[in-house]
Amino acid sequence: MRTLTTAVALCCGASLAAAAAPAFAATSATPSTVQVTQQRSRGPVLVDCFRHPTVRPSALIIACGDGNSRLESVHWTRWGPNGASGEGVNVVNDCKPYCAAGTFHSYPVVVSLANTEPWKRHPQVQSFTQLTLTYPGERPTIYQQSVTLPLGG
């Protein structure tokens, strides 16, 4: 009985090892997300609040600390090493009477990205360091018609 138990245990262990080997090999051989993103874009990336490189994101949190300003429904018309531009909606919390009780409002916006530099986490990857929002119509009361913000990474 002991020999049978040992044989079953060895067979199970060998089966698990055989099943896991291809998955492990595929995982360890897969290029990093950064490499894949850069290969697809053949240009700069936008580093989001979670430090993930993105290319032509349709949504982006602008206020990383509290999420009170974000871009949605962004459609990019240009993306390359000399800049990026598109249109979308800036959704902003008015924080009245305070942010937790505030109301989110949507504003059409023209989005521009500029100034590429090597990304600190992966210096071989160029990332945008400047975001400009231009409001063609109504805008949040705290913003000018055009606002330029630094992008971290």
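No value in this document is a laboratory result; all are computed from the given coordinates. If you're wondering where the values come from, they're calculated on a predicted model, not measured in any experiment. All Cβ positions, glycine included, derive from the backbone under ideal geometry; neighbour counts span all protein chains shown.
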Notebook entry, point to check: Quick one: Karplus J couplings for region 81-95, per residue in order, coefficients 6.51, -1.76, 1.60, θ = phi - 60°, nearest Hz, x for Gly and Pro?
Noted result: x, 9, x, 9, 8, x, 10, x, 10, 9, 9, 10, 7, 6, 6
Check: Label-point separation (nm) for CYS49 and CYS64, each offset 7 Å from Cα along Cα-to-Cβ?
Finding: 1.0
Note to self: If R₀ is 22 angstrom, what is the calculated FRET efficiency for the pair VAL89 and THR132, using the beta carbon separation as r and rounding to 0.05?
What the structure shows: 0.90
Checklist line | From phi via Karplus (6.51, -1.76, 1.60), per-residue ³J(HN,Hα) for region 145-150 in Hz, x at Gly/Pro | finding: 4, 9, 10, 10, 10, x
Next item on the list: May I ask you to compute the full-extension gain from VAL110 to GLN124, defined as 0.36 nm times their residue separation minus their alpha-carbon distance, rounded to one decimal in nm?
Entry: 2.1 nm
